[in-house]
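The values are calculated or read from the model by the stated rules, or taken from the named source; none is laboratory data. Computed from a prediction, not measured in an experiment: that's the story for all the values here. Note: ideal-geometry Cβ built from the backbone for every residue, glycine included; neighbour counts use all protein chains shown.
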Amino acid sequence: MVMSEIYTRLANHLHAMGYPIKEGLDEILRANFNPLEAEVVLALPTNNIPLQPLSIDHIVSKVDLPREELIEVLQGLARRGHVFSGKTEKGEKGYALVHRGFGGFAQVSFWKGERSPFAKKMADLLDTYYQGKTLMQSIETQTKRFQFIPLNKTIEPQMQAVYPFVMLEKVVEKARSIAVAHCPCRMRGQLQGRGCDYPLEVCLKFDEMADHLIENELAREVTKEEALEIIKRSEEAGLVHFVDNAMGDIKHNCNCCSCHCWALSPIKERKIPRDVIMATYFIRETDEGKCSGCGACVDVCPVDALTMGDDFPIVDRDWCVGCGLCSAQCPTSAAKLRPKSDHIPASNFRELHERILAERGLRKA
């Protein structure tokens with residue numbers, strides 16, 4: 001098989017996972033996979049739930065390689081973050097494709113915080129690839145993978161009882177294993193000479209995702225106390241939280257700036273509607289009886305969804321992401337977060353991704 005054919009097949013294979021086939025993808029694939037690795041990746045299905053590995057016995061039946069050589073290739077891919085490694089339902093060592101959003105090219109080269117020539121090359125290649133409508137094409141499902149959640153201290157006690165799934169502290173409390181990685185978006189910016197002053201090592205991973213990153217030295221393990229300190233530091237810096245779009249079994253948390261984040265930046269620039277790119281369950285409201293009209297909330301809004309009217313801030317309900325930064329800065333407690341609708345996320349991680357796979361036509365609804 002000539003080299004060009006294998007990468008064409010690989011591009012078609014990964015297209016089902018949200019990688020549009022367009023200029024730049026071929027060069028990204030060639031930079032990350034040799035032809036043998038490409039053959040192995042082709043043996044891994046695209047219709048599995050993320051972080052759900054398949055046994056070696058299953059994979060070896062799909063590729064013409066000796067078992068030991070297959071394991072060696074898979075381990076090499078896992079060490080670089082291109083394949084997820086973990087335990088199967090039977091407790092065996094297994095491997096799976098990394099779904100976009102849980103790794104993939106836009107993240108794995110930057111998690112470790114390395115400023116290597118390869119990382120710089122990947123930053124440049126991804127910048128080219130994600131120009132135009134690529135991001136829109138990759139998030140075309142109705143069900144969104146992730147949800148914005150408010151800062152912990154901006155959720156009123158009565159809402160905490162009704163919406164516990166938006167409390168990042170609860171996610172940390174329930175986690176079995178936690179890892180922290182560098183923010184891929186801000187790392188790419190730094191590598192291209194357009195960095196910002198926000199903290200870098202603030203991306204939290206939980207349970208199976210954390211185990212995978214720790215085992216392959218893609219991120220470092222942290223305690224629950226350290227994770228809470230990272231969250232606190234992120235909130236003090238003015239970063240916005242998002243997590244998996246589920247009520248429980250969270251695997252992933254990003255703490256984002258609007259200057260680099262793949263989600264916040266296009267919302268702030270009004271390039272992609274908020275509800276197309278991310279789920280949002282809360283929205284800002286103003287208690288006019290308490291509001292002093294100081295405008296502090298307008299200054300901190302990460303997506304410019306607030307403007308000052310004659311007396312009070314005006315909320316653009318189509319663009320507010322319900323992050324709570326305005327509420328945290330309000331000196332009179334006039335800025336409130338209220339449920340945007342009665343809609344709620346999927347109950348858990350598996351249900352969320354069963355919906356997404358069904359919408360992509362990869363599984364039955």
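Just so you know, in the range 168-197 the residues that are touching a residue at least 60 places away in the same chain (Cβ under 8 Å) and touching a Leu at 6+ places or on another chain (Cβ under 7 Å) include one that is nearest to residue 85 (Cα to Cα), and it is 181.
Tell me yes or no: at least one residue of the range 326-333 is closer than 18 Å to residue 267 by Cβ, surrounded by fewer than 15 Cβ atoms within 10 Å (Cβ to Cβ) and out of contact with any helix residue (DSSP H, G or I) (no Cβ under 6 Å at 6 or more places or on another chain). If you could, list the steps in order and put the result at the bottom.
Quick first cut of the range 326-333, residues closer than 18 Å to residue 267 by Cβ only: 326.
From the residues that got through so far, the ones that are surrounded by fewer than 15 Cβ atoms within 10 Å (Cβ to Cβ) too are none.
For the range 326-333, residues closer than 18 Å to residue 267 by Cβ, surrounded by fewer than 15 Cβ atoms within 10 Å (Cβ to Cβ) and out of contact with any helix residue (DSSP H, G or I) (no Cβ under 6 Å at 6 or more places or on another chain): absent.
Here the range 164-209 is the region considered, the condition is being of a type in the set (Gly, Ala, Ser) and not in a helix (DSSP H, G or I), and the residue that is modelled with the lowest pLDDT is 195. Exactly one residue among 79, 145, 115 is closer than 30 Å to residue 55 by Cβ and touching a helix residue (DSSP H, G or I) at 6+ places or on another chain (Cβ under 7 Å), and that residue is 145. Look at residue 267 and say whether it is over 29 Å from residue 301 (Cβ atoms), touching a Ser or Thr at 6+ places or on another chain (Cβ under 9 Å) and assigned to a helix (DSSP H, G or I). When the stated conditions are applied, residue 267 does not pass them.
Scan the range 39-51 for residues that are over 21 Å from residue 218 (Cβ atoms), of a type outside the set (Asp, Glu) and in a helix (DSSP H, G or I) and report the count. So the count comes out to 1.
For the range 145-163: of the residues being touching a Leu at 6+ places or on another chain (Cβ under 9 Å) and not in a helix (DSSP H, G or I), which is farthest from residue 339 (Cα to Cα)? Lay out the reasoning, then the answer.
Looking only at the range 145-163, we keep the residues that are touching a Leu at 6+ places or on another chain (Cβ under 9 Å), and these are 145, 148-152, 154-156, 159.
Now narrow it down to the ones that are not in a helix (DSSP H, G or I): 145, 148-151, 155-156.
Values: 145: 19, 148: 12, 149: 11, 150: 11, 151: 14, 155: 11, 156: 12 Å.
Among those that are touching a Leu at 6+ places or on another chain (Cβ under 9 Å) and not in a helix (DSSP H, G or I), it is 145.
Applying the criterion of at least 2 residues that are touching a residue at least 60 places away in the same chain (Cβ under 8 Å), in the same structural domain as residue 207 (by TED's automatic domain parsing) and over 22 Å from residue 349 (Cα atoms) to the helices (runs of 4 or more DSSP H) found wholly in the range 52-138 leaves 117-129, 134-138.
State all residues of the range 191-214 that are acidic (Asp, Glu) and exposed (fewer than 15 other Cβ atoms within 10 Å of the Cβ); if no residue qualifies, say none. Lay out the reasoning, then the answer.
Pass one, the range 191-214, residues acidic (Asp, Glu): 197, 201, 207-208, 211.
Answer for the range 191-214, where residues must be acidic (Asp, Glu) and exposed (fewer than 15 other Cβ atoms within 10 Å of the Cβ): just 197.
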